[in-house]
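Here is the structure we will look at, set down as structure tokens.
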Ligand SMILES: [Zn+2]
């Protein structure tokens, strides 16, 4: 069979229950789809590929799926940490969002997407402004993205409108390049009215797209209780904003009733342990959500919030956070964590038939990880639990060698093939100096942080 790419001699962790581990395995790709998965000798007898990639014993995994990120946040990463969250939002994040230009949005989202691919992410659910420019950047880098605009209908807030979100869905979801698709996004309950939720609910049904929003941080729950007399998830239930096409980020402060509501409605949760810990937001009841049947995926939040968009770090933080919070090392295991970062992410995006595992017929989104390093020694390739433990608890993203997205090799041997990484960093440095000068002028706390 004529195929475009065959990856050979890999330890394949498929995340496919029927054949979870293939030692000396191979995967054949035709176009953007996986067309064969088998042992290398058997598979090569059936294929005549245009391109061969010898994994030399590296581990081949499904690409990691980040279900909550803000790609523009890289513009202020590391500039205002270790301060109270209210101050960070009002003095820094909001002024930064107001002055960011369209060209800066392209540049800093490209920076984020490049970093994401280098740390093993092949697909992300990205909530932010300047969605057209983010789509351009995602396609330029070659990362699969679902864009959720940060929509708000309170006029004093500088985000995209419902009309812009709808227009973008019409334009992009029929676009020839399907790498960047669009959902409805609502930024934050305190910045929106019930009328917006109603329009989004109807719009999502009309266009058969998902809805992404934040839920359950303490400020927002306080606002919900004071304004509407109900907590957020109960409110969303009343407004019809729960269901299998909805991904809620964070979900930290939930009542038992709300956990039950999320489970019964099939609503997905994007758990962001690193940002939740760094901003002292609290501990999401993840074991309880899973117990209630909720599909929990993993997100990093923006790189201003958590400082890192590294999904391997997020995987480790998720495991450790719930082990220590429950004082129970069995609270979340390595196998569950990798499922959250792959299969559960695919489910959250409604793409479980397309993504999340290495199976015939799925999209070719995969990463190669080199475990031939001191930090993984001694290796035990034929023992799946031991491999998963090494990846989740000892894994380092510098060991992600190669990333294949939609059948294209986007990174090979740590080199991004779609963009000049050095040039991208230099341009971002130059642009940041100009941006910081403008930010100092508008921030009420100018000079304090930057
Ligand atoms: Zn967020």
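Shape index of region 7-76: Rg/Rh, with Rg the Cα radius of gyration and Rh the Kirkwood radius from the inverse mean 1/r over Cα pairs, equals 1.13. Sequence-distant contacts, meaning Cα pairs under 8 Å at least 6 residues apart, place the relative contact order of region 1-84 at 34 percent.
How would you rank 132, 2, 98, going from fewest to most other Cβ atoms within 10 Å of each one's own Cβ?
Values: 132 20, 2 8, 98 13.
Fewest-to-most Cβ neighbours within 10 Å comes out as 2, 98, 132.
For the chain, the 222 nm mean residue ellipticity estimated from helices alone, with every DSSP H stretch of n ≥ 4 adding -39500 (n - 2.57) and the total spread over all residues, rounds to -11500 deg cm²/dmol.
Ordered by packing density, taken as the mean number of other Cβ atoms within 10 Å over each peptide's residues, highest first, how do 28-39, 425-436 rank?
Ranking the peptides 28-39, 425-436 by packing returns 28-39, 425-436.
Distance between the C-alpha centers of region 121-144 and region 50-72? Whole Å please. Between the Cα centres of region 121-144 and region 50-72 lies a distance of 16 Å. Shown for 104, 352: other C-beta atoms within 10 Å of each C-beta, ranked fewest to most, produce the order 352, 104. Across the chain, C-alpha contacts under 8 Å between residues 6 or more apart give a mean separation that, scaled by the residue count, equals a relative contact order of 20 percent.
All C-alpha pair distances within the chain, sorted into 10 Å bins from zero, spread as 4, 22, 32, 26, 12, 3, 0 percent across the bins. Summarising the strand pairing of the chain, around 40 percent of its internal DSSP beta bridges are antiparallel.
Using only the Cα atoms, work out Rg/Rh for region 326-450, with Rh taken as the Kirkwood radius, to two decimals.
Values: Rg = 20.3 Å, Rh = 18.3 Å.
Rg/Rh for region 326-450 comes to 1.11.
Packing-based ranking of 180-191, 297-308 yields 297-308, 180-191, ordered from highest to lowest mean Cβ neighbour count within 10 Å. Using equal-weight Cα scatterers in the Debye expression, the normalised intensity of region 101-229 in log10 at q = 0.10, 0.12, 0.19, 0.21 Å⁻¹ is -0.33, -0.47, -1.06, -1.20. Which of the three applies to region 316-399, rounded, prolate or oblate, going by the alpha-carbon gyration tensor with a ≥ b ≥ c and a/c under 1.5 meaning rounded? Here region 316-399 falls in the oblate category.
Short-range pairs are left out: with C-alpha atoms under 8 Å and at least six residues apart, the relative contact order of region 222-333 is 20 percent. When 153, 328 are sorted by how many other C-beta atoms sit within 10 angstrom of their C-beta, beginning with the fewest, the order is 328, 153.
Throughout, read-outs are computed from the coordinates displayed, never taken from laboratory work. Predicted model, so just to flag it, every value in this text is computed and none were measured. Backbone-built Cβ (ideal geometry, glycine too); neighbour counts: all protein chains shown.
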